[in-house]
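Rule-based calculations on the coordinates, nothing more; no lab input. Small disclaimer: the values here were computed from a predicted structure and weren't measured. Quick reminder, even Gly has a Cβ in these numbers, built from the backbone with ideal geometry, and neighbours come from all protein chains shown.
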Amino acid sequence: AQSVTQLGSHVSVSEGALVLLRCNYSSSVPPYLFWYVQYPNQGLQLLLKYTTGATLVKGINGFEAEFKKSETSFHLTKPSAHMSDAAEYFCAVSSSSGGYQKVTFGTGTKLQVIP
Amino acid sequence: EPEVTQTPSHQVTQMGQEVILRCVPISNHLYFYWYRQILGQKVEFLVSFYNNEISEKSEIFDDQFSVERPDGSNFTLKIRSTKLEDSAMYFCATNRQFNEKLFFGSGTQLSVL
């Protein structure tokens, strides 16, 4: 079984400030971990993923996330928020045995960027 | 970047009616999925489809739901007799190989009245 918990359904940051979106996962096998972004009226877009190897992964639009097995966490960060980052962000997990099939999503965090 | 296309973008139907949601996968993709997102809730896996058969489905995907790829291009999700609780955004997703990046469509917003 696998699950994801996202802490904070809404996060507000000032433009230029650090973005930190928290995600903790649970998986009975080594996980694949993902962050997706959803802009209004659009589909889900993959920001970044962790499968194996380097635990710090870099994604699009300046985002990165670090896989910490000891903390079962995969928090998403960006050093400096832009107005265009305002969107909903979903953390997701898939078991390594299942690859990309049956991805389990978190409940999402809406990011607001204040000018 | 290639896109997954979903039609219609919005669908309104009466309870008990049948609906068909359509998805055009990216041309060389072999694996197809449906997910749904009830307003304010998480995105939930419904079903995965490969080689013209269901490879995995969730407990949500009961006998009221079916999927098919009737003409080798469109991938459809049919809900036989809609219920109020079927109201959700339905996302189609595809990938070329089992363990590769998923591409999501922009979704069909289904409203059951």
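What to note about this one:
- For the protein assembly as shown, the convex hull spanned by the alpha carbon atoms encloses 121 Å³ per residue.
- Among residues other than residue B:98 with Cβ under 13 Å from its Cβ, the summed charge is +1 (Lys and Arg +1, Asp and Glu -1).
- For the set A:102/B:83; A:69/A:110; A:110/B:101; A:78/B:78, the pairs lying more than 32 angstrom apart at their alpha carbons are A:78/B:78.
- Counting all C-alpha pairs of chain B, share separated by more than 17 Å (%): 50 percent
- For chain A, taking Cα atoms only, Rg and Dmax work out to 13.4, 43 Å respectively.
- Test item: B:99-106 mean partner chain Cβ contacts at 10 Å: 6
- Residue order for A:75, A:82, A:10, fewest other beta carbons within 10 angstrom first, comes to A:10, A:82, A:75.
- Rounded to 5, the percent of DSSP beta bridges in the protein assembly as shown classed as antiparallel: 90 percent
- Nonlocal amide H pairs with residue A:107, under 5 Å, H built at 1.01 Å: A:6
- Each Lys or Arg adds one and each Asp or Glu takes one away; over the other residues whose Cβ falls under 13 Å from the Cβ of residue A:27, this sums to +2.
- Exposure proxy for A:90, B:65, A:105: other Cβ atoms within 10 Å of each Cβ, ordered fewest to most, give B:65, A:105, A:90.
- Under the Karplus curve 6.51 cos²θ - 1.76 cosθ + 1.60, θ = phi - 60°, whole-Hz ³J(HN,Hα) for segment B:63-78, x wherever Gly or Pro sits: 5, 6, 9, 8, 10, 7, 10, x, 10, x, 10, 5, 10, 10, 10, 10
- Calculated FRET efficiency for the pair residue B:5/residue A:64, C-beta based, R₀ 41 Å, to 0.05: 0.85
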